């Protein structure tokens, strides 16, 4: 079909001019832009309150972190022992809550710092980025939260895993002896591998969760309830946990080796595991890890959203509360 042509004679010039004017007016009318599926608009939000967002993030994150850690600590202990066992070593199922108290002392501030950094960073980036880049905002905010929380997470993880593998009987003794034998840097053993695992994990998990949540809200045309937040959190956590299992195995081996220095670094650790135990060893503990993080994601995000909503209801503001994305 050829291009359409339009002939205008002198008699219809006046009519065409009138039609032209109408056409120009119509063209000047702003047309509503079509939004991408998982986009979020921040244009109608109230002014960004950094301190309140930080405070609410700290409270919600600390609460969610303590609840999920307490509920799922035994599964995490089994996962750690599976990953730490070399060759055909047997797994001991006693003392599954070993080190919980000391771990909670680290989980509470770490979770509080993570969400306390994540929430205001996310809100700020959503205002700065175009609507179709909301995923990048969530991904970046998750990475920023992970970096901030790692300063507390790593020593906590080192102490916890040494206790889970039976090297120490109390958190205080673990901190004292690790510092005495390995120096202060012993508390940050495996820091590089921890970041290698946790930065991608945090960024991917929170990005997945937020994008699935936005998409679900668009499809349902309403706010999500607690069970729906929990289901989305479980899916995002389980998928991210499976993807990052090899990184978790490397991190565990480096953290529990102590002063023995069986591995010289991340590359040497990978090469040694593959050479001595085969590539499948990099997926050790994937079952408990996916189960633990899947259930953990369900509890964490369910408690997180519930706590954020309760805190939002207590804001000393007039009118409707700002909807949180």
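Listing for the model above:
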quantity	calculated
Protection proxy ranking, peptides 140-152, 124-136, average beta carbon neighbours within 10 Å, highest first	140-152, 124-136
Separation in nanometres of the label points that stand 7 Å from Cα toward Cβ, at residue 91 and residue 276	2.0
Computed Kirkwood radius, in angstrom, where 1/r is averaged over Cα pairs of the stretch 38-313	19.3
Whole-Å distance, taken between Cα centres, linking the stretch 91-128 and the stretch 142-201	13
Stokes-Einstein translational diffusion, the stretch 222-325 - Kirkwood Rh over all Cα pairs, 0.890 mPa s, 25 °C, in µm²/s	149
Extension reserve of the residue 242-residue 224 stretch, reckoned as 0.36 nm per residue once the Cα distance is removed	3.9 nm
Residue 257-residue 291 pseudo-label distance in nm [points 7 Å out on the Cα-to-Cβ vector]	2.9
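Bear in mind that the values in this text are calculations on the coordinates, not laboratory data. Predicted model, so just to flag it, every value in this text is computed and none were measured. In this analysis, Cβ positions are derived from the backbone assuming ideal geometry, glycine residues included, and neighbour counts consider all displayed protein chains.
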